[in-house]
Structure formats: C-alpha cells, structure tokens
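Written below as structure tokens is the structure these notes are about.
The values are calculated or read from the model by the stated rules, or taken from the named source; none is laboratory data. Model, not experiment: these values are computed from the prediction. For neighbour counting, all protein chains shown are included, and Cβ atoms are generated from backbone atoms with ideal geometry for every residue, glycine included. These accessible areas exclude ligands, DNA and RNA; they are computed on the full protein's heavy atoms, side chains included. Shrake-Rupley method; radii C 1.70, N 1.55, O 1.52, S 1.80 Å.
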Amino acid sequence: MSSSSEHPARDSGPGGWLIFSFAVACGVTVANIYYAQPLVGPISESFGLDLSSAGIMLTMVMFGYVLGLLFLVPLGDLVENKRLILITLGSLIVSLLIAAAAPTAAIFIASTLLLGIAAVGTQMILPVVAHLAPEERRGQIVGTVMSGLLFGILLSRPLATMVAGSFGWRAVFVMSAVLMCGVFVLMVIALPRRQPKHELTYATLIHSLWDLMLTTRVLQQRSAYQCLLYGSFSLFWTAMPLVLDQPPFSFGHIAMSAFLLSGAGGALVAPLAGRLADRGRGDLVTVTAMLLVLVSFVLTWIGGHTGGATAVTLFVIAGILIDAGTQGNVVAGQRAIYALAGNIRSRLNALFLACAFFGGAIGSGFSGFAVASGGTSMIALIGIGASLIALALFGLEVASRKKVA
C-alpha cells in the first residue's frame, strides 16, 4: 500500500533518526510562541508602549495558537499532511520576518497573531508521528517527540533572554526564522506523505469538533486534566520570574536564564511515561504526574517561607517536578486519545491541546494577580488547588470504571 494512504503502521515504527527529526521540529516550532514572554520590557520600550499595553502581544500569540488549533490542525484529517505542514511552517517563517522588521507596534502585534496561528505546525506533526508508530510503541515514540516539544518550551525563554541581551530583541526573531528554515528543509526530507481517507467538507469537519467534544468521554477527561495541570505550569513559569526579579532575590539576566533553564530536566520523563503507558500503566502515570505537580507547589510554598539559597533550591526542584508532571500527564493523555480512531486523530489532538492552552492562558493571566496578592504563597495555593481538583476528577474516573466493570 502506498505511503500516501491511510493505514496503520505494521512494522516497528519510525527509526531513531526520524523520531529525533520530529522531536527537533516540534521543539523549534513551539518555541516561537514563548520567545516574546521575557522580552516584553525591551519590545515595549522600542515601540514606546507601557507594559500594560505591551502585554497584548502575549495574549495575541496565545489567541492565535488557539485559533490555529481549532481551525487549522483539524485539516490533518482532511488534506495531505506533508503539504499542510510545509505550508504552515513556511507561513511561520514569513511571520517571524515580519515581526523582526516591524516598524510599528500595530504591525508587530499583528505579526504575533499570525505567528501564533502558524506555530500549530507542531500539533500537525504529532498526529503523523502517532500514525507512523505501532500500537505497542506509540506512547514511547510520542513521549520522545514530546520531550523535544517541552525542551523547546523550556529553552525558549532563557535563549530569548540571552540573545536579546547581546544583540537586541529583533535578533531573536531573525534567529528563529533561520532555525525554522532548517526545520522546513528537515521536514521536506523526513516527512512521509499521508493522505487521509475522508468524506468531509471543511465546514462539516469544523462542526464535528463540537460533536467530538460532547460525545468522546476520554477526550473530555484528558482535556480537563491537562487544562488544570498546564494552567498550573503556565502560572508557575510566568509568575516565578516576576518573584525572582524583585527583592530579596533580584535576579539578573544570567541568573534568571539559569533558573528558566533548570526545569528542562523534567522533559526527560516523557519517554519513561510513554513506555509505562504502552504497558497499560496509564493510570499510574497520570496519578504520579498529578502528585508531582502537587508536590512542586508545596515546595514553592515552603520556599517562599524560608528565603535565601534554600528557597532558590526549592524553587528549582519545584520547577523540575512541575515540568515532569505536566509532561507525564500530556503523554498519558495523548496516548489515550491516540488509541481512538485514526481518522479523527488530528481533531482529537486539536481539541486536547486547545483545552490545555486555554488552561495555560488562564494560568498566565492569574500570574500577575498571584504575585501582587501574596507572592509565592498565592502561587502555591492556586497550584495546589488545581492539582487537587485534577486528582479528584481522576479519582471519579477510576471509580466510574470500576463501577461499570
């Protein structure tokens, strides 16, 4: 059967080089929606904006990403995947160049909206990976690729801080455009062609999203868990730099970059989580992930009441644990939804990630309130509350399964 047709993988799946290529592509692509977060100050100063007005560009990036998830990613169930991904990546390169050269704030903000929409190329690649992976290795392979995605998220902020500190904020977007050109060439070489079988128009495809969300119990459950945990993740990584930038910590650029980089170790948990999920231990992965996030915010609370080097150490450990927990839960979640019908995989992934980033937007939005209202204590309380709600919902899911059995 031709590689362009819709069919399940029958061999051992993609090789190591191909998995690595997908991981790099996902990480470099998703990083684009996070580069601007530590650059709000210099960008606003460049355009003569106050910080409150400049914050709209962060909102526009996330808003664009959700739009892309809901209206572009589902096309993976309708049109040939390689062509769709390459067009999306090409559009991302153009939006980055516009951002780098933007003469006014309005043009820059518009470019960030386009950037967010086009950055969903990452979420088009993941369903292709799931399609190529055999059932018995799907969790492991998707988990490995997801490690690349999380590394991209975690490395984006310190990298942007260092590049902007040396060459100015526009250089960050030029650098990313160059990296994305490399990803584009890599995907031209590595991506197989895949033409889904379908009997849908675009209108019926988009309308089906609502039906899938209402009728797919696994999707509802996994989306709720990831919304809560990714919201906690975004709260932590948006609020803690604000805390560490103030006395008594007063971190400089290098110290802040090191702190932002420290959590990257949590990304290493993804392949392990995937292997456990492949062995039928998805429940163990899920509850462990939720407990790790809960413990991370307990440590944040303790660190906020100790101070000094001990507090910083606890914050670093908390960052590693929250990254590991969030990553483990997303791997378990995607393993569960990718086990459903292959012809709806792109739509399931789009809905799952849209819910996650909705939670992330809420978490980021509460960061300023949390820091102003109680610092690390309020950050910890919100994170602990979200983790406990996730654990309670998962407990209800397990109880309902046992009751049915």
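Considering each of Gly385, Gly374 in turn, give the residue that is of a type outside the set (Val, Ile, Thr) and more than 18 Å from Leu229 (Cα to Cα).
Values: Gly385 fails: more than 18 Å from Leu229 (Cα to Cα).
The unique qualifying residue is Gly374.
Summed over the range 221-248, the residues that are surrounded by fewer than 18 Cβ atoms within 10 Å (Cβ to Cβ) and not aliphatic (A, V, I, L, M) give a count of 4. Does Leu260 satisfy being among the hydrophobic types (A, V, I, L, M, F, W, C), over 17 Å from Leu391 (Cβ atoms), open to solvent by 20 Å² or more (accessible area, probe 1.4 Å) and in a helix (DSSP H, G or I)? Here the answer is no, as Leu260 does not meet what is asked.
The single condition among (1) modelled with pLDDT of 90 or more; (2) within 25 Å of Val128 (Cβ to Cβ) that Met146 does not satisfy is (1).
Scanning for something open to solvent by less than 10 Å² (accessible area, probe 1.4 Å), closer than 15 Å to Val28 by Cβ and either touching a Cys at 6+ places or on another chain (Cβ under 9 Å) or assigned to a helix (DSSP H, G or I) (or both), does the range 110-120 turn up at least one residue? Yes, because at least one residue in the range 110-120 is open to solvent by less than 10 Å² (accessible area, probe 1.4 Å), closer than 15 Å to Val28 by Cβ and either touching a Cys at 6+ places or on another chain (Cβ under 9 Å) or assigned to a helix (DSSP H, G or I) (or both). Annotation note: of Leu39, Leu49, Leu58, Leu18, the sole residue that is open to solvent by less than 20 Å² (accessible area, probe 1.4 Å), at pLDDT below 90 and out of contact with any Cys (no Cβ under 8 Å at 6 or more places or on another chain) is Leu39.
When you look at Ala332, is it under 17 Å from Tyr230 (Cα atoms) and assigned to a helix (DSSP H, G or I), yes or no? Walk me through it before giving the result.
On the way: under 17 Å from Tyr230 (Cα atoms): yes; assigned to a helix (DSSP H, G or I): yes.
Judged against the criteria, Ala332 is a match.
Within the range 94-106, does at least one residue satisfy the condition of being assigned to a helix (DSSP H, G or I), under 17 Å from the mean Cα position of the chain (by Cα) and crowded, with 24+ Cβ neighbours inside 10 Å? Scanning the range 94-106, I find no residue that is assigned to a helix (DSSP H, G or I), under 17 Å from the mean Cα position of the chain (by Cα) and crowded, with 24+ Cβ neighbours inside 10 Å, so the answer is no.
So which residues in the range 299-308 are at pLDDT 95 or above and surrounded by fewer than 17 Cβ atoms within 10 Å (Cβ to Cβ)?
Initially, the range 299-308 is screened for residues at pLDDT 95 or above, giving 299-303.
Passing the criteria: only Ile302.
Would you call Val73 modelled with pLDDT under 90, crowded, with 20+ Cβ neighbours inside 10 Å and under 21 Å from Ser147 (Cα atoms)? Talk me through it step by step, then tell me what you get.
On the way: modelled with pLDDT under 90: yes; crowded, with 20+ Cβ neighbours inside 10 Å: yes; under 21 Å from Ser147 (Cα atoms): yes.
Against the criterion (modelled with pLDDT under 90, crowded, with 20+ Cβ neighbours inside 10 Å and under 21 Å from Ser147 (Cα atoms)), Val73 qualifies.
Test of understanding: among Val129, Val172, Val142, which residue is farther than 30 Å from Leu340 by Cα, open to solvent by less than 10 Å² (accessible area, probe 1.4 Å) and touching a residue at least 12 places away in the same chain (Cβ under 8 Å)? Among Val129, Val172, Val142, only Val172 is farther than 30 Å from Leu340 by Cα, open to solvent by less than 10 Å² (accessible area, probe 1.4 Å) and touching a residue at least 12 places away in the same chain (Cβ under 8 Å).
Quick one: which residue in Ser346, Ser364 is of a type in the set (S, T, N, Q) and surrounded by fewer than 24 Cβ atoms within 10 Å (Cβ to Cβ)? Can you show your working first?
On the way: Ser346 fails: surrounded by fewer than 24 Cβ atoms within 10 Å (Cβ to Cβ).
None of the others qualify; the one that does is Ser364.
Among the residues of the range 365-398, which ones are touching a Ser or Thr at 6+ places or on another chain (Cβ under 7 Å) and polar (S, T, N, Q)?
If we filter the range 365-398 for residues that are touching a Ser or Thr at 6+ places or on another chain (Cβ under 7 Å), which is where we start, we get 367, 376, 379-380, 383, 386-387, 394.
Passing the criteria: Ser367, Thr376, Ser387.
Of all residues assigned to the range 349-357, at least one qualifies as being open to solvent by 20 Å² or more (accessible area, probe 1.4 Å) and in contact (Cβ under 8 Å) with a residue 40 or more places away in the chain. Restricting attention to the range 277-291 and to residues that are open to solvent by 50 Å² or more (accessible area, probe 1.4 Å) and part of a helix (DSSP H, G or I), the residue that is nearest to Ser387 (Cα to Cα) turns out to be Leu291.
Tell me whether the range 327-337 contains one or more residues that are closer than 28 Å to Ala130 by Cα and touching a Pro at 6+ places or on another chain (Cβ under 9 Å).
First pass over the range 327-337, keeping only residues closer than 28 Å to Ala130 by Cα: 327-337.
With the extra rule that they be touching a Pro at 6+ places or on another chain (Cβ under 9 Å), the set shrinks to 331.
Scanning the range 327-337 turns up at least one residue that is closer than 28 Å to Ala130 by Cα and touching a Pro at 6+ places or on another chain (Cβ under 9 Å).
When you scan the range 297-305, do you find a residue that is in contact with a Ser or Thr (Cβ under 9 Å, 6 or more places away or on another chain) and closer than 25 Å to Met146 by Cα, even just one? Yes, the range 297-305 has at least one match.
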